[in-house]
1. List the residue pairs whose Cβ atoms are under 9 Å apart, where the first residue sits in the range 33-45 and is without any contact (Cβ under 8 Å) to a residue 12 or more places away in the chain, the second is of a type in the set (F, W, Y) and exposed (fewer than 12 other Cβ atoms within 10 Å of the Cβ), and the two are 6 or more positions apart or on different chains.
2. Which of the strands (runs of 3 or more DSSP E) contained wholly in the range 71-173 include at least 2 residues that are in contact (Cβ under 8 Å) with a residue 40 or more places away in the chain and open to solvent by less than 40 Å² (accessible area, probe 1.4 Å)?
3. Output the residue which, of all residues in the range 3-22 that are over 17 Å from D89 (Cβ atoms), β-branched (V, I, T) and open to solvent by less than 60 Å² (accessible area, probe 1.4 Å), is modelled with the highest pLDDT.
4. Considering only residues that are open to solvent by 20 Å² or more (accessible area, probe 1.4 Å), in contact with a Lys or Arg (Cβ under 8 Å, 6 or more places away or on another chain) and of a type outside the set (V, I, T), which ones fall in the range 23-38?
5. Looking at the range 42-67, which of its residues are open to solvent by 30 Å² or more (accessible area, probe 1.4 Å) and farther than 14 Å from D84 by Cα?
Amino acid sequence: MSEASGTVDVVLDRQEIGGYRIIQRLGSGGMSKVYEAMDGAGGRVALKHLFEHIAGTPEGRDRLRREVQMLRKVHGPYVAEILDVETEDQDAFIVTRLIDGRTLEEDVAVVGIFTEGELVRLAEDLRDAVRSIHSAAVLHRDLKPSNVLVRRDGRVAVLDYGLASLLVEPSQV
């Protein structure tokens, strides 16, 4: 494990996706792999790349489009801003601003048990993140430790809007 980034070093499947140079794999889930990548200007970004067998189906690309729609609704410090998307190609992906940190799951595994003060701050940040998401009329539907990123300053961001949906009645939030 890399101490600086909290990521696992792995052999890369690809060197480039959609014009983005792949630096390292950050994680993997049921539908995609997430990479740290470099854009054409040399900036570091996060690139979520759908598995080919999922990107090759209309349902897989529809789900990615829905995730993009949900991500574009939520703004602020609790979400990684979308920079680029490709939903029509076999190389379907979302590129977001890279947020340095570890998932909550990784952070607990590496750092250990949170102090009372750290737990209070985490709970307050998660409350504010959920309020921010709900104020955009979005329901995340998959909030779990592997979808919460703990930044280096201890603040959080919520990742993976693949299961998110619109709230029926945003006025009741």
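1. none
2. Values: elements: 82-86, 93-97, 101-103, 148-151, 156-158.
Strands (runs of 3 or more DSSP E) meeting the threshold: 93-97, 101-103, 148-151, 156-158.
3. Ranking the qualifying residues of the range 3-22, first place goes to V10.
4. Filtering the range 23-38 for residues open to solvent by 20 Å² or more (accessible area, probe 1.4 Å) gives 23-31, 33-34, 38.
Adding the requirement that they be in contact with a Lys or Arg (Cβ under 8 Å, 6 or more places away or on another chain) leaves 23, 25, 27, 31, 33-34, 38.
Hits for the range 23-38 are R25, G27, M31, K33, M38.
5. G42, F51, E52, H53, G56, T57, P58, E59, R61, D62, R63, R66
The values are calculated or read from the model by the stated rules, or taken from the named source; none is laboratory data. Computed from a predicted structure; not experimentally measured. Cβ coordinates were reconstructed from backbone atoms using ideal geometry, including for glycine residues, and neighbour counts include every protein chain displayed. Side chains are part of the model used for accessible areas, which takes the heavy atoms of the whole protein and leaves out ligands, DNA and RNA. Shrake-Rupley method; radii C 1.70, N 1.55, O 1.52, S 1.80 Å.
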